[in-house]
Amino acid sequence: MSERAERIERIERPRGTRDFLPEEMEKRRAIEARFREIAESYGYREIATPTFEHLELFTIKSGEGIVEEIYAFKDKSGRDLALRPELTAPAMRLFVNECSVMPRPLRFYYFGNCFRYERPQKGRYREFWQFGVELIGSDRVEADAEVIALAYRMLKDLNIQFELQIGHVGILRSILRDVPEDKSSRIMRLIDKKDQEGLAAYMDEVGVPDDVQERVFQVSALHGSREVLTEAEGFTDQHNLEYLQELCDILDFISVEYTINLGIARGLDYYTGIVFEIYAEGLGAQNQICGGGRYRLTHLFGGDDVPSTGFAIGFDRVSEICKMDIQRKKLVVVVSFPDTLRESLKVAEKLRAKGFRVVSDVMGRNIRKQLSHASDIGADYAIIIGRKEVDEGVVGVKNLNTGVQKSVAINELTEYLV
Ligand code: HAM
């Protein structure tokens with residue numbers, strides 16, 4: 001075989017996945033830490049579920065939209081499994097299996113990767129991360145207000161520009177009450193996709209009467225301040241509108257800004273009441289950074305019928321637009337000669353124990369190369385450990401930002417560096 005033929009091809013990442021370098025990971029971890037802190041300040045506690053589940057967990061009620069996008073596979077025993085496309089169904093399965101007797105309401109949050117077989121584009125991936133919450137066990141408007149306020153505060157904290165839109169699936173559903181459920185679900189999905197032509201064609205195809213079609217278009221176009229709710233009167237049961245009014249009252253009172261959008265239909269089928277979506281600037285077409293609402297799922301997983309509200313933030317999209325100053329610990333490089341290598345390792349260990357980030361040479365480089373590498377990696381200090389100095393209990397400390405070098409007693413080193 002020729003040398004050329006023997007060369008092994010590079011292995012690329014699968015389509016729609018990403019690698020994250022340290023800089024980006026630091027930012028992602030910093031955002032995650034803020035999200036955790038805020039969720040915990042509202043009394044939410046973290047749960048984790050498996051990356052794969054029985055396929056049926058997602059096909060029962062998530063809806064055709066998502067089922068088409070599921071990464072499903074058979075394991076070696078022929079079980080039908082799926083990589084999770086979202087975390088609400090797994091969280092509800094966990095609740096039914098493990099927590100149904102715990103005192104309610106339960107407040108859970110999660111951060112995990114999800115998988116959807118979608119056409120990749122900017123902001124849309126086949127593996128992406130969600131940070132979400134589920135408030136389980138209350139059917140009151142205060143629960144919806146809390147969950148919406150939490151999403152709002154988390155995103156406000158990141159200093160990004162966004163618009164929170166609130167709707168109610170009950171309003172469109174009541175207009176479609178005489179349309180069979182499978183067809184009305186499809187109609188909701190077309191509304192969600194903002195596919196006006198497809199929507200009109202489909203409603204014609206399945207024989208939705210003209211006056212109902214007209215109402216669907218009228219109501220789904222209602223978007224603006226809370227005053228648009230009055231325009232929806234007569235289209236729907238009064239109690240849905242009253243519920244939204246009450247929600248608006250609470251949100252106004254606690255200074256959460258929003259618009260009302262009665263065209264929010266959501267891509268997942270399990271929503272039963274208020275729904276909300278958050279859109280950000282600076283992302284292009286995939287600008288929805290959060291989605292959620294009120295839903296019922298537990299009775300489909302063998303539990304009681306328990307009302308819940310939740311949301312998931314598209315972590316990758318948020319990370320893309322968020323600018324964050326990362327606070328890093330000082331980076332110190334210990335520079336050694338062959339005969340001081342051991343001492344340098346000891347100094348490094350001591351400094352690490354004091355909270356510094358410390359690296360030492362593992363390449364057998366000479367002093368000049370060690371120093372230039374220290375600059376290359378953006379170290380704050382180089383600590384030069386020479387034989388004579390060590391014997392005298394001192395080291396050379398070079399501030400790499402100013403270039404100033406000083407002799408410092410080893411036992412005063414940490415005080416000098418802070
Ligand atoms: P979802 O709207 O399907 O809702 O997803 C939530 C968020 O995940 C979206 O707003 C978007 O930011 C992000 N996202 C979705 N697909 C992708 C993708 N392919 N690439 C990058 N980001 C993506 C849910 O998943 C529900 N479980 C939310 C929920 C929780 N409802 C109640 N509780």
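Applying the criteria of a DSSP loop state and at most 14 other Cβ atoms within 10 Å to the chymotrypsin sites (Phe, Trp or Tyr not before Pro) of the range 15-92 yields F20.
A quarter of the convex hull surface defined by the alpha-carbon atoms of the range 144-220 gives 6.2 nm² as the mean projection.
Ordering Y279, G16, F235 by the projection of their Cα atoms onto the charge dipole of the chain, which places +1 on the Cβ of Lys and Arg and -1 on the Cβ of Asp and Glu, puts G16 at the extreme positive end.
Placing +1 on each Lys and Arg Cβ and -1 on each Asp and Glu Cβ, with no other charges, gives the chain a dipole about its Cα centre of roughly 2500 debye. For G263, nonlocal amide neighbours, meaning residues 5 or more places apart or on other chains whose placed amide H falls under 5 Å from its own, are L222.
Assign unit charges at the C-beta atoms only (+1 for Lys and Arg, -1 for Asp and Glu), then state the dipole size of the range 107-266 relative to its Cα centre in Debye, rounded to the nearest 20. Before the final figure, lay out each step's value.
Details: 19 positive and 29 negative charges, 197 e Å.
Dipole of the range 107-266, to the nearest 20 debye: 940 debye.
For the chain, give the percent of accessible area contributed by carbon and sulfur heavy atoms, probe 1.4 Å, rounded to a whole number. All intermediate terms of the calculation are to be shown ahead of the outcome.
On the way: 10570 of 21910 Å².
About 48 percent, which is the carbon plus sulfur part of the accessible surface.
Using alpha carbons only, the radius of gyration of the range 337-388 set against its Kirkwood radius gives Rg/Rh = 0.93. Which percent of Cα-Cα pairs in the range 291-416 sits in each 5 Å bin, short to long? Reading upward from the zero bin: 2, 9, 16, 16, 11, 6, 4, 5, 5, 5, 5, 6, 5, 4, 1, 0.
If Lys and Arg each add +1 and Asp and Glu each add -1, what is the summed charge of the other residues whose beta carbon sits under 12 Å from the beta carbon of R15? The partial results should precede the final answer.
Working: positive: R13, R18, R119, R124, R126; negative: E12, E118, E127.
Charge balance in the 12 Å sphere: +2.
For the range 301-358, the calculated P(r), taken from all Cα-Cα distances in 10 Å bins from zero up to the bin holding the longest distance, is 16, 21, 15, 17, 15, 10, 5, 0 percent. Convex hull volume of the Cα atoms of the range 1-155, normalised per residue: 177 Å³. For the chain, the longest principal axis of the C-alpha atoms and the axis of helix 238-253 are separated by about 30°.
The trypsin sites (Lys or Arg not before Pro) of the range 118-180 that DSSP puts in a loop, and whose beta carbon has at most 15 other beta carbons within 10 Å, are K122, R140, R177.
If you average 1/r over all unlike Cα pairs in the range 86-200 and invert the result, what Kirkwood radius do you get in angstrom? Mind showing how you got there, number by number?
Values: mean 1/r = 0.0576 Å⁻¹.
Hydrodynamic radius (Kirkwood, Cα pairs) of the range 86-200 is 17.4 Å.
Computed over protein heavy atoms with a 1.4 Å probe, the accessible surface of the range 145-235 works out to 48 Å² per residue. Multiplying the residue separation of D178 and E6 by 0.36 nm and removing their Cα-Cα distance gives an extension gain of 55.3 nm.
Once the convex hull of the alpha carbons of the chain is built, what does its volume come to per residue, in cubic angstrom?
Details: hull volume 98.3 nm³, N = 418.
Convex hull of Cα atoms, per residue: 235 Å³.
Send over the semi-axes of the range 3-62's equivalent ellipsoid, whole angstrom and largest first, taken as the square roots of 5 times the C-alpha gyration tensor eigenvalues.
So the equivalent ellipsoid measures 36, 24, 8 Å along its semi-axes.
Computed from Cα positions, the angle between helix 196-205 and the longest principal axis of the chain comes to roughly 40 degrees.
Using the rule -39500 (n - 2.57) for each DSSP H run of four or more residues, divided by the residues of the chain, the 222 nm mean residue ellipticity is -10500 deg cm²/dmol. How big is the gap, in Å, between the Cα center of the range 242-272 and the Cα center of the range 143-209? Using only Cα atoms, the two centres lie 11 Å from each other. Restricting the calculation to Cα atoms, the range 84-154 shows an Rg/Rh of 1.04 when the hydrodynamic-style radius is the Kirkwood one.
The values are calculated or read from the model by the stated rules, or taken from the named source; none is laboratory data. Here the structure is a predicted model, which is why all the values come from computation and not from measurement. Positions of Cβ are generated from backbone atoms using ideal geometry, with glycine treated the same way; all protein chains shown enter the neighbour counts. Calculation scope for accessible area: heavy atoms of the full protein, side chains included, ligands and nucleic acids excluded. Shrake-Rupley method; radii C 1.70, N 1.55, O 1.52, S 1.80 Å.
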